[in-house]
Structures are given as C-alpha cells and as structure tokens.
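One structure is given here, and the rest of the page talks about it.
The values are calculated or read from the model by the stated rules, or taken from the named source; none is laboratory data. Everything numeric here is computed off the predicted structure, so don't read it as measured data. No Cβ is skipped: glycine too gets one built from the backbone with ideal geometry, and neighbour counts run over all protein chains shown.
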Amino acid sequence: NQIEFIQTANIPGTDDEKPEITEKQRKKLNIEETKKSLPIYKFKKDLIQAIKDHQILIIEGETGSGKTTQIPQYLYEAGFTDNDKRIGCTQPRRVAAMSVAARVAEEMSVKLGNEVGYSIRFEDCTSERTIIKYMTDGTLHREFLSEPDLQSYSVMIVDEAHERTLHTDILFGLVKDVIRFRPDLKLLISSATLDAQKFSEFFDDAPIFRIPGRRFPVDIYYTKAPEADYIDACVVSILQIHVTQPLGDILVFLTGQEEIETCNELLQERVRRLGSQIKELIILPVYSNLPTDMQAKIFEPTPPNARKVVLATNIAETSLTIDNIIYVIDPGFCKQNNFNSRTGMESLVVVPISKASANQRAGRAGRVAAGKCFRLYTAWAYKSELDDNTVPEIQRINLGNAVLMLKALGINDLIHFDFLDPPPHETLVLALEQLYALGALNHKGELTKLGRRMAEFPLDPLMAKMLLASEKYKCSEEIASIAAMLSVNSAIFYRPKDKLVLADTARKNFFVHGGDHLALLNIYNQWANTDFSTNWCYENYIQHRSMRRARDVRDQLVGLMQRVEMEIVSNPTETVNIRKAITAGYFYHIARLSKGHYRTVKHNQTVMIHPNSSLFEELPRWVLYHELVFTTKEFMRQVTEIESKWLLEVAPHYYQDRELEDSTNKKLPKTLGKTNSELKNY
Ligand code: ADP
Ligand code: MG
C-alpha cells in the first residue's frame, strides 16, 4: 500500500549557495572545519562586540546556525569567564542540555562535567571548574532560590526562547529584574524565529542581533486524503521515500516515546521482510528518556549507500539539529500538557501542531540541500485546522509549581509580576487555591512553613506534599521510592512485540492489594532486594535503565528530605499509612464509582481506569489517580484505592463530610468562600 501525496507548496530558500550535502556526507568534517562552516561563524567578532556594547541582546537565527553550541565558546574565548564567573545557557529540554553540553565539551576537548557541564533535574554534571554550564530552564529557576542575583554568572543565555515554556517565560521576568542591580551581568535571549521583536520590546527595546541563515528550498507535500493511523502512515511513507527517492536522511516527528517505539518496531519488521531488496536503513529513535550513548548516535554521519531515519519527538523541531536531513515526515501532532482552569483538571493530550510548528518542522529538511517535507494531512487541514501559533505554556498549564517557586522567591504580588504574556487570571487564582488547600499558603496568600519545605523539592506541589506528609505517616522510605518510580513511570515495563503475553504476565505478578502505587513500590523493593540486579530486570520485563534512574532520583529525594530535616522512617508492613500519605498530596485527584462510572469528586467529570492498571477489573468505590491521560477517553493512570474518610483527615479544608457521603445526589463542593476572594488580592 502506498500513500498518495500532492505537492502544493514550497518554502523558498534564502540564497543560491551550493548545497553542502555531497561534501558533508562524503567525509566527516573535523571539528574545526565544522565550527567554521556554521552560519554564526562569520559574525563572531560583531556578535562579541554587540555583547560588549549592550547589557541585553536578543539574538535571532535559524535553527542550526550555531547559537547554542558556539556562543558560549565565543564568550569564553573573549574572556567573559576570566573573572571566575560562569556562562550559563538554559534549554527548555533535558536532552538538549545534555546533548549540547556533550558536543561543546568535545569541541573544546575537555571532559564533560569539568569546564563544560550540564545540570538538569535530578542530575548535576558540573564541578567547581565548570565555566560553561548548560541547564534546563527549570534548573535555573530553582537556582534563583539559592542565588537570587545569579552572582556566579557573568553571562546568562536564555536559549530557545521561542519555545515559550512556562519556566522560560517566568525566567524572562526574573532575569529582567536581576540585570537592574547586576550591571556587570550580560543577558542574551536567543530565539529561532519571529518572536525577536516581542522579546526586544519586553526587554526595554534591547537591540536584536540577526544571524542570517542559509536555507534551501523545501517542497511541501500533503496527503490527498486524511490518514486514519498516522504511525502506520509514517512507516509506509518512510519506505516509500526509501525506495523511490535519492539518498538523504529522513526525520520523522512523533509525539512521544511510546509512539516512537511502536513505529520503530513496525519499521524494523517491514525492513526485515524486505531483506536485501532495499538499501540499508538505519533507524534511530530520539526522545528525552533515551540514554546518552544512544542519543549520540543520531549525530554520527550516515555510511555511504545507506539512509538514516530519525524518529524524534518535538525535540528535533528546534532544540537539536541533525545534519543532512533531506526529508521530513510530519504527521502534524505533538503531546501537550493541558490544563482546564474551569475544571482544574490537567491531562496529557495529543493535539494538532500549529502552522508555525509545521513550518519549523518542514524547515529541518532544507538545511544542507533542497529538501522535501511530507505532511500526513491534507492541504485543507493545514489551512483550516491548524492554529497559526502555539499558545505559550503559561497560558495553558497548571501554575501550581510556578506559583510556589515565585512565592518562595518572595514574589508575593503575582498579578503584577512582569509576564511577557500574562497567564489567565483564573489559572493563577486556581493555583493559589490549590496551594492553600495543600497547606503551602496561609489565608493571606503567604508561604507557610510547609510551603517553604515543599519549595525545596524540584517536584510538582502535589508530589512534594506527599513526600512531606510521609513523615507524619511514618513511611518516608516507601514514599520516596514511590515518588521516584512515578518520576520515571512511562518507561518501567519492557514489552517486546513478540513476547507481549510473557511481559504482561510479568507485569501482573507485581500487582498487590491497594493499587498501582503499591505495585510500583513492590517493584522497587524487589529490585533493591536483589541488590539492584540487572538480570532480575531482564527476567521480569523491567527496563533496567529506568530502574537505575529511579534509584538515582530516590537518592536525591532522600537527600532533600534530610535537608528539610524530615525524619526518614519506614514501616514496610503498613499500607494504609502509605496510601494516606499519597492521599495527603493527591487529594485533588480523586474519583468515585457511581452507577458503573468513575467521576471526579469535585467536578463530576467522567474518567476511566487505564487498562494497564492493577485496579482495572477491581473497580473500587474510591480511587486516587496520579495523572490523567487523554487518548480516546480520559484515562486515570497509576490508580490507588482509598477510603473516603481519609480525605477528611488529610484535607479538612478542602473536603467536607457531606460531599463524601455515599449518596448519588450531586452535592455542591465546598468553596473556599471568603478565602477565595481574599486570595485574589495576592
Ligand atoms: P542553533 O542553536 O543555532 O540551532 P546549534 O549550535 O545547536 O545551532 O547547532 C550547530 C551545529 O552543531 C549543528 O550542525 C548541529 O548538528 C551540531 N551539533 C549540535 N549538537 C551536536 C552533537 N551532540 N553532536 C554532533 N553535532 C552536534
Ligand atoms: Mg539551539
């Protein structure tokens, strides 16, 4: 079966420079040659001068022009670190921070973690010697807590600013404030596309430094009819390109690890069946949980007479540049964390991308030669179904975490915080209410002692609260393991296609009474009892890598628990207390079974237990869920059975007796009443 594509559009190139594909593909350029071949190289001197002349500079350049990897090195060469201060560079994505740091360390011939390092949540690969530090925007956000004036930095680069993640948006306001009393600190805002003007205006009309990109024309193809199954359509398109088109690598945009793995398996299988009828096809996945050595593979040059196909998440849209991509396959979707401020419900959803995103993706095909982009949707869908731009995260996600951090930084007046684009008022109020219900804020909207301790954890407030509550319930060891396991939850089980039954049986063997959180604990404990054995993981269809990560995360959480002077206690036989501690954090995520359906307690939304849950067949009356994932329905993932009376115990100012009665009449939820309006003043 084939997919019929129609070409209707073309993104023109920028100039008529000769394609570099042949030269670049034939030989691996050495590092010096590569650095010199980047568009930014010609502007090195001017750029450094502009940075010397201005405290704030907006830098705009096409993806791949060398902003992220080169600018910190130029600054280092120009002496910006001579004063024993560092150059910091933020990235919205963990993988990008790690991968770029590795690349720069290589370019500078230093060991990663020494002069060049990175710092991401739960992983700090820097040292005293580090002068170029890549980090996620969330990590810098946290650094403000211990170093509000960024004293250890001489230059801060807020990179990939166009991504407009929540953390980046909040950083804008924070750094804008810092530079007023740090005249010696340079601030660079670097962005791939059109937002430069907006950034400039926000930063008091800071000058814009434009790096003209090199871009070759890209032909755009659309499907003639909508594709029902885009993963299958990807596989078909990849093979179609492979068989009919000249050599050149393919980049495919999928929404997440699961999709990438499915696509990978399907593709491997078909390639195997085709055998020697086709040229070699090297399939490489990229997503954020991928181990570093696997990530590095995507940058290796493709051998002659073979074709590389990279199956990537949104990360390859602008954060990572993979050379020699000639073909892009774009199904038109990405995964988004969406928050409904009306219902207070948050869920992960696969949504159509914006036109701006679609064009960024297409642009990936024209970096080294004329390319082609195959969109797995119709031209009509592009025109009438895609929004022009992606809505910035701050306007569509839960702000609980951000508000807690800002409060911890002493910023009390959130309504008047300097936002590039302000969040919706009701989302802000909801976050304040949530923090109040969790006990992190008092009725005046001030941080409580509990709130201060919660802010020490680089976690969602609900999870931070769960950890802190474990002290009271004497199960901090267990809750630390559960929190660590939840932090890696999507990738714990290994399900090879040819051993699905065995794998699922192995998974079910871990089920215990009480629900999925306890099953996760069971897995962790069993593994710990084998002295963290790799073999045990293989035998039980558990991903060893994820477990190792869980162990690292756990170690750090325990460290933080000690830092806030929690008593680390354990009671391995008591599961009610463990579940109560979880409820103390997640009492917002409660659903009740009534007339055969689960509905959330506060908003009466219909939700279902995920088929992978240990409670899928048990259907307890009251359940707590870790997260909602929307696929065909709203599914609760990681579900635990609770008793309704616990809610009154752990969240007395959020729940009241009457709404927890086992009657089926819908009762009005208790509102925060006066407190609610009081909170609005903050
Ligand atoms: P920009 O930030 O402007 O998008 P980058 O500095 O990220 O550009 O990329 C410049 C070049 O560095 C690209 O050609 C890219 O392929 C290369 N590069 C980036 N990271 C790596 C890596 N880990 N390994 C090899 N090459 C890399
Ligand atoms: Mg970059």
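Consider the range 288-328 and keep the residues that are modelled with pLDDT of 85 or more and of a type in the set (D, E). The one that is surrounded by the most Cβ atoms within 10 Å (Cβ to Cβ) is E317.
With the structure loaded, tell me whether L520 is in a helix (DSSP H, G or I), among the aliphatic types (A, V, I, L, M) and more than 27 Å from the chain's Cα centre (by Cα) or whether it fails that test.
Values: in a helix (DSSP H, G or I): yes; among the aliphatic types (A, V, I, L, M): yes; more than 27 Å from the chain's Cα centre (by Cα): no.
No.
I'd like to know if the range 57-66 contains one or more residues that are of a type outside the set (D, E, K, R), modelled with pLDDT of 90 or more, more than 12 Å from ligand 1 (Cβ to nearest atom) and more than 19 Å from F299 (Cα to Cα). Looking through the range 57-66, at least one residue is of a type outside the set (D, E, K, R), modelled with pLDDT of 90 or more, more than 12 Å from ligand 1 (Cβ to nearest atom) and more than 19 Å from F299 (Cα to Cα). Restricted to the range 95-189, the set of strands (runs of 3 or more DSSP E) holding at least 3 residues that are under 17 Å from the mean Cα position of the chain (by Cα) comprises 116-120, 132-136.
Considering every residue within the range 627-640, establish whether at least one is among the acidic types (D, E), in contact with a helix residue (DSSP H, G or I) (Cβ under 9 Å, 6 or more places away or on another chain) and without any contact (Cβ under 8 Å) to a residue 40 or more places away in the chain.
Checked the range 627-640: no residue is among the acidic types (D, E), in contact with a helix residue (DSSP H, G or I) (Cβ under 9 Å, 6 or more places away or on another chain) and without any contact (Cβ under 8 Å) to a residue 40 or more places away in the chain.
Number of residues in the range 568-600 that are without any contact (Cβ under 8 Å) to a residue 60 or more places away in the chain and either buried (at least 19 other Cβ atoms within 10 Å of the Cβ) or more than 26 Å from L467 (Cα to Cα) (or both) equals 8. The residues of the range 507-517 that are crowded, with 16+ Cβ neighbours inside 10 Å, part of a helix (DSSP H, G or I) and out of contact with any Phe, Trp or Tyr (no Cβ under 8 Å at 6 or more places or on another chain), listed by number, are D516, H517.
Can you spot a residue in the range 494-504 that is among the β-branched types (V, I, T) and within 22 Å of the chain's Cα centre (by Cα)? No; the residues of the range 494-504 include none that is among the β-branched types (V, I, T) and within 22 Å of the chain's Cα centre (by Cα). Considering only residues in the range 228-241 that are crowded, with 20+ Cβ neighbours inside 10 Å and not hydrophobic (A, V, I, L, M, F, W, C), the one that is modelled with the highest pLDDT turns out to be S237. It is to be established whether one or more residues within the range 20-39 are farther than 20 Å from M135 by Cα, surrounded by fewer than 20 Cβ atoms within 10 Å (Cβ to Cβ) and at pLDDT 95 or above. No - not one qualifying residue is present in the range 20-39.
Across the range 264-318, the qualifying residues are those that are among the basic types (K, R) and in contact with a helix residue (DSSP H, G or I) (Cβ under 9 Å, 6 or more places away or on another chain), and the one among them that is nearest to K497 (Cα to Cα) is R270. Considering every residue within the range 144-154, establish whether at least one is crowded, with 22+ Cβ neighbours inside 10 Å and of a type in the set (F, W, Y). Checked the range 144-154: at least one residue is crowded, with 22+ Cβ neighbours inside 10 Å and of a type in the set (F, W, Y). Can you pull out the residues in the range 172-207 that are within 16 Å of ligand 2 (Cβ to nearest atom) and buried (at least 22 other Cβ atoms within 10 Å of the Cβ)? Answer for the range 172-207, where residues must be within 16 Å of ligand 2 (Cβ to nearest atom) and buried (at least 22 other Cβ atoms within 10 Å of the Cβ): L188, I189, S190, S191, A192, A196, F199. Filtering the range 538-555 to residues that are free of Cβ contacts under 8 Å to residues at least 60 places away in the same chain and crowded, with 16+ Cβ neighbours inside 10 Å leaves N540, Y541, I542, Q543, H544, M547, R548.
Of the residues making up the range 63-91, those that are in contact with a Ser or Thr (Cβ under 8 Å, 6 or more places away or on another chain), part of a loop (DSSP other than H, G, I, E, B) and within 10 Å of ligand 2 (Cβ to nearest atom) are T63, G64. As a summary of the residue check, T168 satisfies the conditions (1) among the polar types (S, T, N, Q); (2) away from ligand 1 (no atom under 15 Å from the Cβ); (3) touching a residue at least 12 places away in the same chain (Cβ under 8 Å); (4) out of contact with any Lys or Arg (no Cβ under 9 Å at 6 or more places or on another chain) except for the one numbered (2).
Of all residues in the range 101-133, those satisfying the criterion of being within 15 Å of ligand 2 (Cβ to nearest atom) and within 20 Å of S152 (Cβ to Cβ) are A101, V104, Y118, I132.
What do you reckon, is S644 touching a strand residue (DSSP E or B) at 6+ places or on another chain (Cβ under 8 Å), under 20 Å from T575 (Cβ atoms) and either surrounded by fewer than 21 Cβ atoms within 10 Å (Cβ to Cβ) or without any contact (Cβ under 8 Å) to a residue 12 or more places away in the chain (or both)? Yes.
In summary, G213 fulfils each of the numbered conditions (1) within 29 Å of V310 (Cα to Cα); (2) part of a helix (DSSP H, G or I); (3) within 16 Å of ligand 2 (Cβ to nearest atom) with the single exception of condition (2). Provide a single number: the residues in the range 389-404 that are under 13 Å from I170 (Cα atoms) and more than 18 Å from the chain's Cα centre (by Cα). Selection size over the range 389-404: 2. Screening I315 on (1) under 22 Å from A96 (Cβ atoms); (2) more than 13 Å from ligand 1 (Cβ to nearest atom) shows it passes everything except condition (2).
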